[in-house]
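Chemist: This is the structure, below, for whatever I ask next.
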Amino acid sequence: MLSSLDYTNLPAPADLQRLCQALTALDAINSPDPEFRYYTYNPAWDEGEALFEMSDGEGDQMLVLFRPEGCCINGFLHEYEQPDKSQVTRGLPAAFDEFIFGEPVSSIGTTFCLWYTPAHGWQTGVVELEDDGSEELLYIFDQNPDSYADWANEYYLDETEREPLEAADVARLYRHEPLTRATAETLNPELTDWPQLAADLDAIGYPHALR
């Protein structure tokens, strides 16, 4: 399992960024209403920066910033003790200072923090807590389509009559295959607003053939 104590198998930034786009595209398919989506991705969050966000609507959030220098992950779980931020970010490259110590991260909080640079790979600061909850958020980055399928079947399909998502269909988006209407309908047969889905995918930067 991925965590702040076992992060060597986290994808490199380019692969992680593609995965974040895929997760966000899958959420756009499963939840046409943006209000109920779990994952969002903004490829133009700021000049030269892209941002992926996970928010469960109950206080837990994870933000992943992508910059030319690498990427940085900030996680916050409201039921876990927050560590000394100066320790958990010890050694943080200056390129990520504004992200970690500015808004919105400053207001959200920091339970764990990881960053990647080409020179040093994935790193973290001083992890003082044996369990900081990072496994609960980072597991989705294991690049296994089953992880999303299992989660989405509980989060989106519980108490509905939709057929469970198949990992093989999720894998198509993990591979960044251009989304077709047939694949989208396999994932969510209740889709009706195709122009909106196309616009959502355009905003994410995910390839599609919906027009």
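The values are calculated or read from the model by the stated rules, or taken from the named source; none is laboratory data. Everything quoted here is computed from the prediction, not taken from an experiment. No Cβ is skipped: glycine too gets one built from the backbone with ideal geometry, and neighbour counts run over all protein chains shown.
Chemist: Of the residues 189, 164, only one is surrounded by fewer than 17 Cβ atoms within 10 Å (Cβ to Cβ), in contact with a Lys or Arg (Cβ under 9 Å, 6 or more places away or on another chain) and assigned to a loop (DSSP other than H, G, I, E, B); which?
Modeler: Exactly one residue qualifies, and that residue is 189.
Chemist: Does any residue in the stretch 89-100 that is of a type in the set (Lys, Arg) come within less than 9 Å, Cβ to Cβ, of a residue that is buried (at least 16 other Cβ atoms within 10 Å of the Cβ) six or more places away or on a different chain, and which pairs are these?
Modeler: Cβ pairs passing all conditions: 90/124; 90/125.
Chemist: Which number in (1) in contact with a Ser or Thr (Cβ under 6 Å, 6 or more places away or on another chain); (2) polar (S, T, N, Q); (3) at pLDDT below 95 marks the one condition that residue 86 misses?
Modeler: (1)
Chemist: In the stretch 91-103, is there at least one residue being among the aromatic types (Phe, Trp, Tyr) and surrounded by 15 or more Cβ atoms within 10 Å (Cβ to Cβ)?
Modeler: Yes, the stretch 91-103 contains a residue that is among the aromatic types (Phe, Trp, Tyr) and surrounded by 15 or more Cβ atoms within 10 Å (Cβ to Cβ).
Chemist: With respect to the numbered conditions (1) exposed (fewer than 14 other Cβ atoms within 10 Å of the Cβ); (2) part of a strand (DSSP E or B), which one is the sole condition not fulfilled by residue 126?
Modeler: So residue 126 meets the others, but not (2).
Chemist: Go through (1) more than 30 Å from residue 172 (Cβ to Cβ); (2) without any contact (Cβ under 8 Å) to a residue 12 or more places away in the chain one by one and return the number of the condition residue 33 breaks.
Modeler: Going through the list (1) more than 30 Å from residue 172 (Cβ to Cβ); (2) without any contact (Cβ under 8 Å) to a residue 12 or more places away in the chain, residue 33 breaks only (1).
Chemist: Separate question: Identify the single condition in (1) at pLDDT below 95; (2) in contact with a Phe, Trp or Tyr (Cβ under 8 Å, 6 or more places away or on another chain) that residue 161 does not satisfy, given that it satisfies every other one.
Modeler: Looking at each condition in turn, residue 161 falls short on (2).
Chemist: Kindly provide the set of residues from the stretch 167-186 that are surrounded by fewer than 13 Cβ atoms within 10 Å (Cβ to Cβ) and of a type in the set (A, V, I, L, M), ordered by number.
Modeler: Listed by number, the residues that qualify are 168, 182.
Chemist: Name the single residue, out of those in the stretch 22-55 being charged (D, E, K, R) and either within 9 Å of the chain's Cα centre (by Cα) or within 20 Å of residue 136 (Cβ to Cβ) (or both), that is surrounded by the most Cβ atoms within 10 Å (Cβ to Cβ).
Modeler: By that ranking, first place goes to 27.
Chemist: Same structure again: Residues 163, 81, 128: which one is touching a helix residue (DSSP H, G or I) at 6+ places or on another chain (Cβ under 7 Å), acidic (Asp, Glu) and in contact (Cβ under 8 Å) with a residue 24 or more places away in the chain?
Modeler: One residue alone meets the criteria, 128.
Chemist: Sticking with this structure for a sec: Hey, can you tell me all the residues within the stretch 61-97 that are within 18 Å of residue 44 (Cβ to Cβ) and in a loop (DSSP other than H, G, I, E, B)?
Modeler: 68, 69
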